[in-house]
Amino acid sequence: MAAASEDLFARLERFYDAVPRDGSHTENFGALVLFVRDGTGWSYYARPRLDATRAPSVADITRVRARQRELGVPESIEWVHENHPSLLAVARSAGLSVLEAPLMVLDPAALPPVTQLTDIPVRLLDPAAPTFATDVAIRRAVAAVGFGVPGTAVGGPGPAARDTALVELSEDALDEERSRTEAGLRVSALAELPGHGAVASGMALRVGDAAEIAGIATLPVARRRGLGAAVTAALARRLLDDGTDLVFLSAGSPEIARVYLRVGFRQVGTACIANA
């Protein structure tokens with residue numbers, strides 16, 4: 001694991017606190033803050049408050065989980081272990097299951113060209129293109145199928161499953177995707193296999209000069225071909241070209257982290273994701 005500075009962890013903490021704020025309002029529960037989504041879209045998490053003067057307690061977790069159940073959203077709390085080392089044991093004692101995900105930061109000098117990773121075309125989504133709505137729906141469908149079959153093993157669902165998972169975006173969801181993409185706050189990518197369409201997808205969320213790559217997924221039938229790495233590299237290159245100087249991600253497992261090592265990412269810590 002690469003050494004990381006206190007400044008890096010402070011920047012990560014500010015990012016995680018900032019990224020949901022323009023699409024949600026906040027509710028405080030002791031040392032935790034819950035981001036409550038305004039309008040449609042995915043549900044946000046609870047996390048430690050930036051201004052908290054103590055560590056989150058079991059009582060804080062119990063209260064925020066009750067509010068999440070009331071809202072009908074997932075009971076989810078996220079944090080960086082190095083910033084809140086006591087929270088892991090507290091969350092587990094409160095009955096939550098915690099994923100300890102490798103937290104990885106890009107070394108820009110180690111980022112390879114996309115063509116070095118795969119010969120399959122990777123395309124960044126253009127908010128001005130007439131296909132943008134369909135492209136975003138496909139990105140989401142690939143992710144739904146890919147994350148529905150965890151791991152990196154080859155076989156199983158392919159393009160037919162992707163097409164079955166396609167859901168037309170609401171006008172509000174499409175407007176959000178387009179406006180955030182136009183503003184440089186979101187970047188999306190598809191890897192497309194000739195004759196089969198998109199088989200891998202991913203996205204990045206940007207706040208200021210920091211960005212998180214997320215949602216990297218490959219249809220199981222197309223795995224082990226470098227596509228997840230290539231999508232990640234394409235997103236990272238665009239972020240760097242746009243002036244982002246901190247690009248990071250959380251890997252779902254040590255096995256998946258090895259994919260990102262090929263793209264120039266190095267583990268610096270642990271991202272904790274707690275769910276009921």
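The values are calculated or read from the model by the stated rules, or taken from the named source; none is laboratory data. Please read all numbers here as calculations on a predicted model, not as lab measurements. A quick note on method: Cβ atoms are made from the backbone with ideal geometry, for glycine too, and the neighbour counts reach across all protein chains shown. In case anyone asks, the SASA skips ligands and DNA or RNA and just uses the protein heavy atoms, side chains included. Shrake-Rupley method; radii C 1.70, N 1.55, O 1.52, S 1.80 Å.
For the reader, a short list of remarks on this structure follows.
- The long axis of helix 6-18 is offset from the longest Cα principal axis of the chain by roughly 80 degrees.
- Overall, the ratio between the Cα radius of gyration of the stretch 56-142 and 2.2 N^0.38 Å, rounded to two decimals, is 1.67.
- Accessible area per residue (1.4 Å probe, heavy atoms of protein chains only) ranks VAL263, VAL207 as VAL207, VAL263, with the largest value leading.
- Gyration tensor (alpha-carbon) shape descriptor, the stretch 214-275, a/c threshold 1.5: oblate
- Prolate/oblate/rounded call for the stretch 97-251, Cα gyration tensor, a/c under 1.5 rounded: rounded
- Between ALA89, ALA59, GLY30, the Cα set farthest toward the positive side of the dipole of the stretch 1-94 (charges on each charged residue's Cβ, about the Cα centre) is that of ALA59.
- Axis of helix 132-148 versus longest Cα principal axis of the chain: the two differ by about 70°, to the nearest ten degrees.
- For the stretch 38-83, the set of trypsin sites (Lys or Arg not before Pro) satisfying both a DSSP loop assignment and a count of at most 13 other C-beta atoms within 10 Å is given as ARG54.
- Distant-in-sequence amide contacts of PHE265, defined by a placed amide H-H separation under 5 Å and a gap of 5 or more residues or a different chain, comprise ASP107.
- Most mobile listed residue (ALA257, ALA128, ALA46) in the chain, GNM with C-alpha springs under 10 Å: ALA128
- Estimated from helices alone, the mean residue ellipticity of the chain at 222 nm is -10500 deg cm²/dmol (sum of -39500 (n - 2.57) over DSSP H runs with n ≥ 4, per residue).
- Using only side-chain charges placed at the Cβ, +1 for Lys and Arg and -1 for Asp and Glu, the dipole size of the stretch 1-111 relative to its Cα centre rounds to 400 debye.
- Here the Gaussian network model covers the chain, with springs between Cα atoms less than 10 Å apart; of ALA101, ALA110, ALA133, ALA110 fluctuates the most.
- Computed about the Cα centre, the dipole magnitude for the stretch 221-276 is approximately 360 debye when only Lys and Arg (+1) and Asp and Glu (-1) carry charge, each at its Cβ.
- Given (1) 54, 42, 36; (2) 67, 38, 31; (3) 52, 38, 32, the label whose value is Cα extents along the principal axes in Å derived from this model: (1)
- The stretch 102-116-the stretch 44-80 distance, computed between alpha-carbon centres (Å): 33
- Leading residue at positive end of dipole, the stretch 131-257 (Cβ point charges), from LEU169, GLY146, ALA234: GLY146
- Taking Cα atoms only, the orientation of helix 171-182 departs from the longest principal axis of the chain by about 80 degrees.
- Residues VAL58, VAL36, ordered by accessible area of protein heavy atoms at a 1.4 angstrom probe radius and largest first, appear as VAL58, VAL36.
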